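Asker: What follows is a single structure, and I will ask about it in a moment.
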Amino acid sequence: MKNIVVLVSGGGTNLQALIDAQENGFIQGGKITCVISSKPSVYALERAKNHGIPSRVIARKEYTDSVEYSKAILAALNEEQADLVVYAGFMTILDELVVKAYPYKMMNVHPALIPSFCGKGYYGLRVHEEVLKKGVKLTGATVHFVTEVCDGGPIILQKGVEVLDDDTPETLQKRVMEQAEWKILPQAVSLFCEDRLQIKDNRVICLP
Ligand code: GAR
């Protein structure tokens, strides 16, 4: 059984999708053993508590720089004996020392179709604002492995979502979550836990 550690910073709807998938028996071979939040008092922590999942707060604002913060996160991941680390709305960029310790064992859900609308500065509602500004007709979500390059790791799953003429950033965010993020994140986690993800030449192959 793989230990899944979920990193959060906010409302935690993606965490909830993972919890629901776990409780419905969709995630075989893995179990969410810990939730780590970069902020205190976020609703994601309530969600963990409501489902009996242990949690920790490692507050970003208590650390002066990214390296010291990353060392604290790494120490926690090691203590938790994480086999898979999932960024589920985790809004802090960690130093590469963490990624190097967990190569291809960390995944992130991003609310756009990478390589569009991604990289430093593209997070949360901002992504959807930029999508609307650009006027693209199709957006979506991506789950990818985390590497040293922000939003640049091998892509595991993607799902497209139509942009509607009367969308606001908020309505678009909601639809991207409902139609894409909450579906492909549990799928990717399930595939990983069943050892069905293989990386070849920067491409992720999903084994049957
Ligand atoms: C989600 O839309 C997630 O994809 C996004 O933040 C939201 C968090 O919502 N993540 C990023 O933008 C990371 N670059 P949640 O806390 O309800 O899961």
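Read-outs throughout are calculated quantities, based only on the coordinates presented, and are distinct from any laboratory measurement. This one's a predicted model, so the numbers in the text were calculated from it and none came from an experiment. All Cβ positions, even for glycine, are placed from backbone atoms using ideal geometry, and neighbour counts span all protein chains on display.
Asker: Name the residue farthest towards the positive end of the dipole of the chain from the options G52, G30, H110, assuming +1 on Cβ of Lys and Arg, -1 on Cβ of Asp and Glu, about the Cα centre.
Answerer: Towards the positive end, the residue furthest out is G30.
Asker: Exceeding 20 Å between C-alpha atoms, which entries from my cross-link table qualify? They are K105/K200; K2/K174; K2/K105; K137/K200; K71/K183.
Answerer: Where the Cα-Cα span goes over 20 Å, the pairs concerned are K2/K174; K137/K200; K71/K183.
Asker: Now for a separate question. Of the beta bridges DSSP finds with both residues in the chain, what % are antiparallel, to the nearest 5?
Answerer: 45
Asker: I'd like to compare 40-46, 3-9, 60-66: which one has the highest average count of other Cβ atoms within 10 Å, and what's the full order after that?
Answerer: 3-9, 40-46, 60-66
Asker: Which order do the peptides 78-87, 196-205 take when ranked by the mean count of other beta-carbon atoms within 10 Å per residue, highest first?
Answerer: 78-87, 196-205
Asker: Based on the Cα coordinates of the chain, what is the per residue volume of their convex hull in Å³?
Answerer: 118
Asker: Here's a follow-up. Relative contact order for the chain using alpha-carbon pairs under 8 Å, separation at least 6, rounded to a whole percent?
Answerer: Across the chain, relative contact order equals 20 percent.
Asker: Give, in nm to one decimal, the length gained when the segment between N50 and I93 is fully stretched (0.36 nm per residue of separation minus the Cα-Cα distance).
Answerer: Using 0.36 nm per residue and subtracting the Cα-Cα distance, I get 12.7 nm.
Asker: Give the Cα extents of the stretch 1-77 along the principal axes, in whole Å, largest first.
Answerer: The Cα atoms of the stretch 1-77 stretch 41, 25, 17 Å along their principal axes.
Asker: Report relative contact order for the stretch 118-187 in percent, whole number only (criteria: Cα-Cα under 8 Å, sequence separation at least 6).
Answerer: 34
Asker: Now, a different point. So if R0 is 25 Å, what FRET efficiency would N3 and T168 give, r being the distance between their Cβ atoms, rounded to the nearest 0.05?
Answerer: Efficiency at R0 = 25 Å is approximately 0.05.
Asker: Only Lys, Arg, Asp and Glu count, each charged at its Cβ (+1, +1, -1, -1), so figure out the dipole size of the chain about its Cα centre, rounded to 20 debye.
Answerer: Dipole of the chain, to the nearest 20 debye: 120 debye.
Asker: Let me ask something additional. Using only alpha carbon positions, build the gyration tensor of the stretch 87-208, then give the equivalent ellipsoid semi-axes as the square roots of 5 times its eigenvalues, largest first, whole angstrom.
Answerer: 25, 16, 12
Asker: Could you order peptides 180-192, 123-135, 14-26 by the average number of other Cβ atoms within 10 Å of their residues, highest first?
Answerer: Output ranking for 180-192, 123-135, 14-26: 180-192, 14-26, 123-135.
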